[in-house]
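Novice: Before I ask anything, here is the structure I am working with.
The values are calculated or read from the model by the stated rules, or taken from the named source; none is laboratory data. This is a predicted model, so every value here is computed, not measured. Heads up, the Cβs are rebuilt from the backbone with ideal geometry, glycines too, and the neighbour counts pull from every protein chain shown. Only protein heavy atoms, including side chains, enter the accessible area calculation; ligands, DNA and RNA are left aside. Shrake-Rupley method; radii C 1.70, N 1.55, O 1.52, S 1.80 Å.
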Amino acid sequence: LLVALALVLLFPVLHRSVYRPMVRLPACTSSENSSLTSDSYTVDVLEAKIGRPAWTPDAVTKANETLEALGFVVVRNLLAGEDVAALREYFKEDRNHSKYGSASIIAPNRRHHFKLDPFDERQVARRLEALGLQRPEHVDASECEAPGCSWSASDGFIPQIMPPHSSLVEIASIFVHPQAAAQFLHPDTTYKKGDVRFVSVFIALQNITEEMGPLRLVPRSHRCQTLTEDGESMAMPLPLSAGSAVLMDSRTIHGGGNHTGNLSRGVFYFTWAEPASEGAKHLQTGATYALRKSLWGRTQVPLAAESHEDATSARPPAWTSTDKYLDVRVYDLYATLLRRIALWIPPCR
């Protein structure tokens, strides 16, 4: 009991990645959001000629600018229809989600939040390959270092927005079932000095209508964490078509809606952490970090191929190999604190 109490009291001061001042932000107001239209925050990446997702420089520019200004952007047709159907069917067939490892979620009644493994689950790996985030099984890493490689991560739309050397800190899925209550509005992470940016990508696995309680969020709230008006009146619901996605800054205030429909709504999602820099060296606090422990240090984009040896071999942690300043992984924090506290406790005699 004493150790637990000490841990709670001393947690903010024992570790430099935790004890950092919050960033002071102005209060949110609704005046700037009243004129927003769907066209102003939506990008469509469907290539009509080939019938599959593609991208143009203009779409990349708009997505980056909108994400920076509003804290989110809607990307239509990010994942092709056959990929969406295959992924939803996979989750439907394998009902034993406990094998993936569950993650915490707000308003958990009638919500399932489970972690995924792109090195062990073929259906997950195939979808990440389609998005340009994971190297296909038939492509050898050494071959792609040479000119003329037939595969490139830059073929996907997300890698155009994601800074090089970013790492995935969440790979998971959420299913919300009928009669699920709405979540209260919240940001996923706090805003402290020295944090790297997190961006989450939520891909709809079916059409999400208003009655299914879609994601609702407060535009620009990644820059104004204190609400001065009723948050619900400022929040916008974002219905999505199957395969479309919401890209959201993790500091944006959001929450799932009240599900009054008859069909469960599911999303496949992942979150990336940008690489460290001189001014931003730390992982954010507050996130659920829905990532299996075995994946930490192995999720720098592009991920290794699903069945290649290097997917399971010992590899240096992404946080220390490329991002030399981001030297504390989340699941190490508590162990570090316990070790430091243990040094202060006299040994039992």
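Novice: Based only on Cα atoms, what mean projected area does the convex hull of segment 230-291 have, in nm²? Present the calculation step by step, with values, prior to reporting the outcome.
Specialist: Numbers: hull surface 26.3 nm².
With the hull built on Cα positions only, its mean projection is 6.6 nm².
Novice: Using a 1.4 angstrom probe on heavy atoms only, work out the carbon and sulfur share of the accessible area of segment 185-295 in %.
Specialist: Working: 1810 of 3680 Å².
Reported share for carbon and sulfur atoms: 49 percent.
Novice: Taking only protein heavy atoms into account and a 1.4 Å probe, give the accessible area per residue of segment 263-309 in Å². Working shown, then result.
Specialist: Details: 1610 Å² over 47 residues.
Computed with neighbouring chains in place, this is 34 Å² per residue.
Novice: How big is the dipole moment of segment 178-271 about its Cα centre under a simple scheme where the beta carbon of each Lys and Arg is +1, that of each Asp and Glu is -1, and everything else is neutral? Debye, nearest 20, please.
Specialist: On the way: 8 positive and 8 negative charges, 82 e Å.
Taking the Cα centre of segment 178-271 as origin, the dipole is about 400 debye.
Novice: With every protein chain left in place, what is the accessible area per residue of segment 199-249 in square angstrom, probe 1.4 Å? Working shown, then result.
Specialist: Values: 1660 Å² over 51 residues.
Accessible area per residue: 32 Å².
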